[in-house]
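Participant: Please read through the structure below; I'll follow up with questions.
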Amino acid sequence: MRQHGKLEYGGHAVPQRTCVGCRVRTAKSELLRLVRVEDQVVPDLRGRLSGRGASLHPSLSCLELAERRRAFPRAFRVRGPLDVSPVRAHLEGEPRNVM
Ligand SMILES: [Zn+2]
């Protein structure tokens, strides 16, 4: 994956987002969209949930980085801690994320 310049597919620049874990900027399609539902962070698998979102690489290491950096309360603009267990369960259930 190129880490510099614009990522382009078919000559068109694609929307980019920054991973809240490792802070790498990449194509939106490479990242898992997360939304806050009350005090939980949940994966927005179908892109249907509305509201403020955060983007994360679909990997447990990025999730852990984001937790350590308290990135979720900042991304969702809340004060309290957020429960990320739905995201972790999703990531642990994805065979492609097993290293
Ligand atoms: Zn990441």
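The values are calculated or read from the model by the stated rules, or taken from the named source; none is laboratory data. What you see is a predicted model; the values in this text were computed from it and never measured. Virtual Cβ from ideal backbone geometry, glycine too; neighbours counted across all protein chains shown. Just so you know, the surface numbers come from the protein's heavy atoms only, side chains and all, with ligands and any DNA or RNA stripped out. Shrake-Rupley method; radii C 1.70, N 1.55, O 1.52, S 1.80 Å.
Participant: Kindly indicate whether LEU32 is in contact with a His (Cβ under 8 Å, 6 or more places away or on another chain) and open to solvent by 80 Å² or more (accessible area, probe 1.4 Å).
Facilitator: Here the answer is no, as LEU32 does not meet what is asked.
Participant: Right, something else. Count, please, the residues in the range 17-46 that happen to be touching a Gly at 6+ places or on another chain (Cβ under 9 Å) and not aliphatic (A, V, I, L, M).
Facilitator: 5
Participant: Based on this model, can you work out whether SER50 counts as surrounded by 16 or more Cβ atoms within 10 Å (Cβ to Cβ) and either in contact (Cβ under 8 Å) with a residue 60 or more places away in the chain or of a type outside the set (D, E, K, R) (or both)?
Facilitator: When the stated conditions are applied, SER50 does not pass them.
Participant: Which ones in the range 18-29 are under 15 Å from GLU67 (Cα atoms) and either within 8 Å of the chain's Cα centre (by Cα) or exposed (fewer than 15 other Cβ atoms within 10 Å of the Cβ) (or both)? Lay out the reasoning, then the answer.
Facilitator: As a first pass, look at the range 18-29 and keep what is under 15 Å from GLU67 (Cα atoms): 19-23.
Answer for the range 18-29, where residues must be under 15 Å from GLU67 (Cα atoms) and either within 8 Å of the chain's Cα centre (by Cα) or exposed (fewer than 15 other Cβ atoms within 10 Å of the Cβ) (or both): CYS19, VAL20, GLY21, ARG23.
Participant: Another question, if that's okay. Taking the range 36-50 on its own, how many of its residues are within 17 Å of ALA71 (Cβ to Cβ) and over 9 Å from the mean Cα position of the chain (by Cα)?
Facilitator: First pass over the range 36-50, keeping only residues within 17 Å of ALA71 (Cβ to Cβ): 36, 39-44.
In the following step, the residues that additionally are over 9 Å from the mean Cα position of the chain (by Cα) were identified as 36, 39-42, 44.
Here the count works out to 6.
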